[in-house]
Amino acid sequence: MKSESNLREDPVLIQTAKSGDETARTSLLVRYRPLIDSLVYHYSVNLPDEERDDLAQEAAITFLHALDQFDTEKGISFGYFAKVCISNRLNDYLRKRMISPTENAVPFEEVVLPENDEDPTKRLRDQEAYLALCNRIRAILSDFEYRVWMLYIAGQTASEIAKAVGKDHKSIENTLARTRRKIRNDLSPR
């Protein structure tokens, strides 16, 4: 948790950074690195190292964009604003990856599997099954339901999701209940 003096420094440091001071921008980036790293870790648990690096780069760039866009007059903390911006960007990145997973694909012949992997074919089958499940879920949900669902499975609470998408808490709870019901009905054995 930030100390009282760090909280008082943020508005001044943010204004200095927004005015183009690279030292202030770097200082904020270093100060908020734990937040950025935790979000990248959260969104990249099952991703290969190369994609985790891509997510880390996306998160850092988004942090700097959030810094430029942040309005101190809005009455919200910069940390919360940055967290929402980064979470939304990483969700978009992963959603686009799921929609067109072959965009950055390496031909199968060029895939190098780690030597310590006991059963690479099982891992490949698991990945294919996961992608098929994600595509099936995407097909049964509306765009809004899917966005809410992705935020929810990324670990955000209904309140956090409500703030991120600009809806009230009850609307998000209803959307999550409807989404769970749709997924349960579609994935239940018949």
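The values are calculated or read from the model by the stated rules, or taken from the named source; none is laboratory data. Because the structure is predicted, anything quoted here is derived from the model rather than measured. Because the Cβ atoms are built from the backbone with ideal geometry, glycine has one as well, and the counts that use them run over all protein chains shown.
Give me the residue from the range 131-158 that is part of a helix (DSSP H, G or I) and of a type in the set (Val, Ile, Thr) and, out of that set, surrounded by the most Cβ atoms within 10 Å (Cβ to Cβ).
My answer is Val148.
Looking only at residues in the range 159-190 that are modelled with pLDDT of 85 or more and assigned to a loop (DSSP other than H, G, I, E, B), which one is surrounded by the fewest Cβ atoms within 10 Å (Cβ to Cβ)?
Gly166
May I ask you to list the residues in the range 44-103 that are hydrophobic (A, V, I, L, M, F, W, C) and not in a helix (DSSP H, G or I)? Spell out how you get there, then give the answer.
To start, the set of residues in the range 44-103 that are hydrophobic (A, V, I, L, M, F, W, C) comprises 45, 47, 55-56, 59-61, 63-64, 66-67, 70, 76, 78, 81-82, 84-86, 90, 94, 98-99.
Passing the criteria: Val45, Leu47, Phe70, Ile76.
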